[in-house]
Structure formats: C-alpha cells, structure tokens
Amino acid sequence: MVVNVAVDGPAGAGKSTISRAAAKELGFIYVDTGALYRAVGVYALRNGIGTKDSENIEKALKNIVVELKFVGDVQHVFLNGEDVSTEIRTPEASMAASDVSAIPCVRAFLFDLQRDIAKKNNCLMDGRDIGTVVLPDAKIKIFLTASAEERAKRRYKELVEKGAKDTYEEVLADLEKRDYQDSRREIAPLKPAEDSVIVDTSDYNFDEAKNIIVNIIKERI
Ligand code: DC
C-alpha cells in the first residue's frame with residue numbers, strides 16, 4: 001500500500017520548500033500540483049487567451065498536453081513536450097494559474113494525472129484541494145498556513161534573489177488577491193479538510209517547520 005500525504009494551504013506558506021525537504025527525508029516523492037495549473041496558465045498567456053475566458057480555455061484544452069516528469073527527485077513540468085519549469089514561476093504565471101484553476105474543466109483536465117501519480121507512489125502532494133478533493137482518502141492531511149505578511153515577506157525575498165523588481169507591497173497585494181480567488185471560488189476552494197492537521201508556520205524557521213511536518217507524518221504512518 002502506498003502512503004499519500006496531502007499538503008494544502010495558501011500561496012507562500014512554504015508548502016513547496018517544506019514538503020520537498022520532508023519528502024526527501026522520508027524517501028517519498030514530492031508532487032507540486034500548482035505547477036500543472038501554472039502550465040495551463042502559461043499556455044493561455046502565450047496564446048493570447050484570457051485567463052478567465054472559460055469558453056476559450058475549454059477549447060484550448062484539446063491542444064494542451066501537460067506532463068510531470070521526475071529527474072531524480074526533482075519535478076519538471078512539460079507543456080506540449082517543452083520543459084516550462086522555469087517559465088511557470090513568474091508573478092504573471094501565478095495569477096494566470098489562479099485564474100484558470102477556478103474553471104471547472106481545467107480542474108477535471110488535471111485530475112487524473114494527479115490521482116495516477118498518487119496511486120503509484122508514496123508521495124507528499126501539495127496544492128489547494130488535495131485533502132478535500134484529489135486525495136480525500138489520503139492517510140495524512142496537513143494544512144500549512146502563515147500570516148499574509150509573513151508569506152509575502154518570504155515570497156518577496158525569493159523574487160529579489162531571482163533578480164525580480166517587484167516591491168513588497170506588490171507581492172503582498174498579489175498574494176492577497178490569489179488567496180481571495182482561491183478560497184472563494186465555487187469549485188474545490190482552498191480550505192482545510194476536516195481531518196487535516198493545521199500548522200501555522202509564521203513563527204517557525206524552515207528547519208522547525210520541516211521537522212514538525214516530518215514528525216506528524218512519522219507518527220501517523
Ligand atoms: O501552489 P501554487 O502557488 O504554485 O499554485 C498556483 C495556483 O494554482 C494557485 O493560486 C491556485 C491553483 N491551484 C489549485 O487551484 N489547486 C491546486 N491543487 C494547486 C494549485
């Protein structure tokens with residue numbers, strides 16, 4: 001039997017860095033499902049399709065193949081055969097992902113891919129609806145959160161390190177807008193699963209947060 005761990009939470013709570021490190025320590029694969037929505041968002045941006053234009057996004061899905069491949073334990077996302085793992089990380093791609101993720105046919109389009117990976121692998125899968133919709137039977141569910149200011153501070157630092165010119169205020173406004181959209185949408189909104197353990201990382205450093213997650217998982221396996 002494989003073990004699946006669902007890790008959900010708002011943007012910038014440290015889900016990806018903490019989950020990646022925890023997965024490595026446990027020998028699980030780490031699956032970042034946001035990358036899938038980002039790839040669809042990038043397709044829309046590249047092709048001049050409005051990211052909230054559900055009719056044209058639905059038509060475009062026929063022309064889109066999204067794949068996840070693991071090189072060692074590093075996930076790469078492919079859009080029609082092209083590795084777009086870097087391009088999906090821009091602030092524009094973040095907002096585009098949030099927009100397209102509210103469209104039901106996009107969620108349906110990406111559903112099987114996520115389920116298939118989880119069926120075959122011990123994994124930590126991170127997203128917004130993993131514990132509630134994608135893997136409702138996951139053995140362990142964690143909802144990772146932090147204050148908006150703390151999340152924006154961390155995201156801003158990451159962007160500055162990459163050479164981006166965004167200001168802290170812009171990063172905070174983007175995060176708050178995404179939180180709002182992701183948690184108010186009709187389909188699969190961001191919310192903790194009833195049986196999830198809620199972990200607020202605002203006052204923890206990276207190692208502390210990672211150890212908390214690893215311990216929660218070890219206790220329950
Ligand atoms: O985790 P992330 O920031 O890379 O996700 C980008 C967007 O994709 C996020 O704002 C909402 C959407 N998303 C989602 O709706 N469901 C998921 N399981 C993962 C991401």
| query | What do you reckon, is Val106 on the phi < 0 side of the Ramachandran plot, open to solvent by less than 40 Å² (accessible area, probe 1.4 Å), in contact with a Ser or Thr (Cβ under 7 Å, 6 or more places away or on another chain) and within 10 Å of the ligand (Cβ to nearest atom)? | reply | no
| task | Would you point out which residue out of Ser202, Ser196, Ser183 is buried (at least 17 other Cβ atoms within 10 Å of the Cβ) and either more than 11 Å from the ligand (Cβ to nearest atom) or modelled with pLDDT of 95 or more (or both)? | result | Ser196
| Candidate set from region 123-164 (those that are of a type in the set (Asp, Glu) and over 19 Å from Val199 (Cβ atoms)); member that is modelled with the highest pLDDT | Asp137
| message | Can you find a residue that is on the phi > 0 side of the Ramachandran plot, open to solvent by 50 Å² or more (accessible area, probe 1.4 Å) and either out of contact with any helix residue (DSSP H, G or I) (no Cβ under 9 Å at 6 or more places or on another chain) or not in a loop (DSSP other than H, G, I, E, B) (or both) anywhere in region 49-70? | response | no
| field | Filter pass, Arg89 being within 15 Å of the ligand (Cβ to nearest atom), modelled with pLDDT under 95 and charged (D, E, K, R) | value | yes
| Looking at region 154-176, is at least one residue within 13 Å of the ligand (Cβ to nearest atom), within 27 Å of Phe109 (Cβ to Cβ) and not in a helix (DSSP H, G or I)? | no
| said: Name the residue that is most open to solvent (accessible area, probe 1.4 Å), counting only residues in region 26-48 that are more than 16 Å from Ser94 (Cα to Cα) and assigned to a strand (DSSP E or B). | reply: Ile29
| query | Which of the residues that make up region 34-53 are away from the ligand (no atom under 12 Å from the Cβ) and out of contact with any Phe, Trp or Tyr (no Cβ under 9 Å at 6 or more places or on another chain)? | reply | Tyr43, Ala44, Leu45, Arg46, Asn47, Gly48, Gly50, Lys52, Asp53
| message | Based on this model, can you work out whether Val31 counts as out of contact with any Leu (no Cβ under 6 Å at 6 or more places or on another chain) and within 13 Å of the ligand (Cβ to nearest atom)? | response | yes
| field | Answer residue from region 4-25, given it is assigned to a strand (DSSP E or B) and within 13 Å of the ligand (Cβ to nearest atom) and is surrounded by the most Cβ atoms within 10 Å (Cβ to Cβ) among those | value | Val7
| field | Selection status of Lys119, exposed (fewer than 15 other Cβ atoms within 10 Å of the Cβ), assigned to a helix (DSSP H, G or I) and modelled with pLDDT under 95 | value | no
| task | Have a look at Ala148, Ala209, Ala152 and point out the one that is touching a Pro at 6+ places or on another chain (Cβ under 9 Å), among the hydrophobic types (A, V, I, L, M, F, W, C) and surrounded by 14 or more Cβ atoms within 10 Å (Cβ to Cβ). | result | Ala148
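Yes or no, residue by residue, for (1) within 14 Å of the chain's Cα centre (by Cα); (2) within 22 Å of Pro189 (Cα to Cα):
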position: Glu67; (1), (2): no, no
position: Met95; (1), (2): yes, yes
position: Arg115; (1), (2): no, yes
position: Ile140; (1), (2): no, yes
position: Thr145; (1), (2): yes, yes
position: Val160; (1), (2): no, no
position: Glu169; (1), (2): no, no
| said: Scan region 88-98 and tell me whether some residue there is surrounded by fewer than 18 Cβ atoms within 10 Å (Cβ to Cβ) and among the small types (Gly, Ala, Ser). | reply: no
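The values are calculated or read from the model by the stated rules, or taken from the named source; none is laboratory data. Fair warning: this is a prediction, and the values are worked out from it, not measured in the lab. Backbone-built Cβ (ideal geometry, glycine too); neighbour counts: all protein chains shown. The area values use the complete protein model at the heavy-atom level, side chains included, leaving out ligands, DNA and RNA. Shrake-Rupley method; radii C 1.70, N 1.55, O 1.52, S 1.80 Å.
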